[in-house]
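A short worksheet on the structure shown next.
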Amino acid sequence: MDGQSPPCHSKSKKQEIKDERIDLIEDGDDFTVADVAAPYWVRPAGPTWWCHVAAGNKSVDEWLSNAHWLHPAISIALRDESRLISEKMKHLLYEVPVRVAGGLLFELLGQSVGDPSRNEDDIPIVLRSWQAQNFLITALHVKGSASNINVLGITEVQELLFAGGSAAPKSIHEVIAHLACRLARWDDRLFRKYVFGAADEIELKFVNRRNHEDLNLLSTIFNQEIRRLATQVIRVKWSLHAREEIIFELLRHLRGNATKAMLEGMKKNTREMLQEQEAVRGRLFTIQDVMQSTVRAWLQDKSLHITHNLTIFGGCGLVLSIITGLFGINVDGIPGAENTPYAFSLFTGLLFSIGIVLIVVGMLYFGLKKPITEEQVQVRKLELQQLVSMFQREAENHAKVREGVSQHHLLPSASDIISDAKRGYLLIP
């Protein structure tokens, strides 16, 4: 496959391009006579060109602006990702391929994979592209800032072209299909990593809670994570729906059996990913329901415990009230009343002091607690994350999940059966 760039001329245009509007002339049947006459299995004559550039670079933008062979509207669409490729797209949240200016203008969605060792985040990218005959130009737009751009889907296609052989694309349509499939595949891998992995982490943290854990604190943490993950699932579903529409239009415009097969497989994988997102969504709601029922059971048990203790306090108070009533009827019977003129006042003050102490102790142990602070939430999150990291390391190292059952704790018959099974036969009494 020839990777030759088209000639670049610095000749200025006669007319200035207005950036306020892109005026595209769309034609759904914009084919040449050669396209119509030649069978779809016949490769068009001439070399196949793929020119890949990074949008936003000053020299690239200047080259696209001064390319006299490129329609001005196509030049603006490749340089500015925020511009619509068609006026019809203003009614949608995504843009589908359209035939304009003698070629196919479309965009593919993907992600630039961040380096985990440098704590880099994955950044969404848009590959704005234009194809005409055997020529393809792609402009990479990065929706964020990163020191290293690593779009593995594009890199894999470039390596496939450099390696050559029977697996290399045979036409420009196959190049487009490879780009779409490999970008989508890496998107799915990252979606599964973050969405499914986050759901597994939430479930793992919940089932490994402490025996006397403050469930109000855990409920606050899990509700925050479930809300964040549910929002991410919705965004993934929107992205998958956009990909589905792009695939549908590419199937209409691209030709070749290999191209159709790759796009059909990509369409099937997209439908499976949508079903998986629905499964994750249902799983999150199940975890939330189980967590809420656990919190309700915990509160009910705590209320029963407090009621039991208050009953004990009430019984003690009843005894104290009876004693006070008896002494109140017979003032002379108060201890120390014979030689102390203020015995009644002292006894009353002592009873009030005991009552205040009981109230304070009851409020400290059974009263309202202080609200959960953000520091407590962060500390507990770090502890739970350490638990998940330890579990992941054990899983990656293929650690033993369940300890073996010792024969000393089995009945004699069970121990004999296991010993016989190890020898290669099983004795059934």
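Just so you know, all these numbers are worked out from the coordinates, no wet-lab data involved. Since the structure is predicted, the reported quantities are computational estimates derived from the model, not experimental observations. All Cβ positions, even for glycine, are placed from backbone atoms using ideal geometry, and neighbour counts span all protein chains on display.
Details
- Distant-in-sequence amide H partners of Trp50 (H built 1.01 Å from N, under 5 Å): Gln4, Leu136
- Interchain or long-range residues, amide H under 5 Å from Asp122's placed H: Gly114
- A Förster radius of 45 Å combined with the Cβ-Cβ distance from Asn119 to Leu274 puts the calculated FRET efficiency at roughly 0.90.
- In plain terms, the bigger the Kirkwood radius, the slower the diffusion; for the stretch 173-329, with that radius from Cα pairs, at 25 °C and 0.890 mPa s, Stokes-Einstein puts D at 122 µm²/s.
- Ranking of Leu64, Leu274 by count of other Cβ atoms within 10 Å, fewest first: Leu274, Leu64
- Order of His52, His173 - criterion: other Cβ atoms within 10 Å of each residue's Cβ, fewest first: His52, His173
- Counting every alpha-carbon pair across the stretch 237-283, the share separated by more than 13 Å comes to 56%.
- Order of His305, His178, His68 - criterion: other Cβ atoms within 10 Å of each residue's Cβ, fewest first: His305, His68, His178
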